[in-house]
1. For Met213, what residues show an amide H to amide H distance below 5 Å, using hydrogens built from the backbone and excluding near sequence neighbours?
2. With a ≥ b ≥ c taken as the square roots of the eigenvalues of the C-alpha gyration tensor of the stretch 257-383, please select rounded if a/c is under 1.5 and otherwise prolate if a/b is larger than b/c or oblate if it is not?
3. Show the residues, 5+ positions off or on another chain, whose built amide H is closer than 5 Å to the amide H of Ala313.
4. Using Cβ contacts closer than 10 Å as the measure, can you line up His299, His138, His278, His382 from fewest to most?
5. Work out from phi, with θ = phi - 60° and the Karplus expression 6.51 cos²θ - 1.76 cosθ + 1.60, the ³J(HN,Hα) of each residue of the stretch 282-297, listed in order in whole Hz, and give x for Gly and Pro.
6. For each of Met126, Met244, count neighbouring Cβ atoms within 10 Å of the residue's Cβ, then give the residues from fewest to most.
7. How large is the Kirkwood hydrodynamic radius of the stretch 105-245, in angstrom, based on all distinct alpha carbon pairs?
8. Quote the charge dipole size of the stretch 223-346 about the Cα centre in Debye, to the nearest 20; the model charges only the Cβ of Lys and Arg (+1) and of Asp and Glu (-1).
Amino acid sequence: MKKLPIGLLTVMLCGLLAGCSGNGGPQQNAETKAPETTTEAKQQPEANPTTEAAAAEAAKGQETAKAAETTEAAKPETVKLRVAYHPNFGGNNLYITAEKNGFFEEEGLIVEPVKFTAGPQEIAAMVAGDVDIGYIGHGATFLAVQRQVNVFLTEFLGNGDELLTYKESGITSLEDLKGKTIATAPGTSGETVLKLALEKAGLSRDDVRIVNMDAAGMVAAIVAKKVDACTLWPPQTSEVRKTMGEENVVRLTTIGDFRDQFAFPGHWVVTPKYMDAHPDVMVCFSRAMLKAMDYRKEHPEETAENVAEFIDAPLDGVVAEMNNIDLFDADYCYQVMTDKTAAKWYDALQNLYVQDGKVEKTVPVEEWFCPQFAKEAYESLHK
């Protein structure tokens, strides 16, 4: 037999090995015969139904676990908030609406309500770290200009603050207030009413005797006729009328009488420190409030009933206050907070505070009016 050259034998051996390799070898030539492929297929182990089922079940279990992890990650982290409210319709109706309808829960918030009767004391508690977020009326907004808190959500315009007297006082006009004793709560919307009323009558604080009291003290003083007049807001105004008799109470003016000069918003505030540390919480809280605004619009009677129950007040007084407030829905809230309308309201108010000596000078509104959270919350609800 004729011996083949060693080089040729080597080439043939390599070719055979290449044809058997399952992976990683060079691609087969198009002329490679089909039986080789068939042989390769025959060499693969037969499928085991039990093993395949187990593998499929394991894969399914992994997918379920991953889905559960994703769902858990998507849930908002539960955050506890101490939220200040006032015992009147304007001061708590959004809170109680959001609480009753689960809007806080939807946002991962657990809210503990904390009662206050005036904005300055509430803001002092916020600055001390005892309260996280709170409602205030326009009267205490000068503390935002002082940079103690920021306004982040505007929810209505108020008309309910009144300057009251009684028939036996002999006071029938604002001019008749000269030389009289008037009770007011410093730093509140009631004090703003008094300032504007005196100016309208051509009087100053030196022309009257002003006595500082809280809301409860003013009710007791006017009912006992220990003062000639006082500045109050609902539901205390209803309480005075109910106690003294509607026919015996004289309304000299209301905050609504000055709408041609100023707007008087009710709003939610937070300290700059808390706001900067918890931007996600601010958006979640704002979103719950916006949901509550729309629910309030669609269910006014239910809202009034919930407020009356929450603050233990007569329903008729709560309804009267509700009807004396220009309430916002989410759309209007978003509009005024993003188109500079609310910013103009606040700029006018801070000029009033300068005139009244509550602040030394105005500051750019954008330093203490922060609509970005309401904007983000609204837009997330309307994608």
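Bear in mind these aren't lab numbers, they're just calculated from the coordinates by the rules spelled out. Since we're looking at a predicted model, the values are computed, not measured. We place every Cβ from the backbone using ideal geometry, glycine too, and count neighbours over all the protein chains shown.
1. HN-HN under 5 Å from Met213: Thr184, Ala185.
2. Working: a/c = 1.81, a/b = 1.20, b/c = 1.51.
Judged from the Cα gyration tensor, the stretch 257-383 comes out oblate (a/c at least 1.5, b/c at or above a/b).
3. none
4. Working: His299 14, His138 24, His278 17, His382 10.
In increasing order of surrounding Cβ atoms, one gets His382, His299, His278, His138.
5. 4, 5, 4, 5, 4, 5, 4, 5, 5, 4, 5, 4, 5, 5, 4, 4
6. Working: Met126 26, Met244 18.
Least crowded to most crowded, the residues run Met244, Met126.
7. Details: mean 1/r = 0.0606 Å⁻¹.
About 16.5 Å for the stretch 105-245.
8. On the way: 13 positive and 21 negative charges, 111 e Å.
Charge dipole of the stretch 223-346: 540 debye, to the nearest 20.
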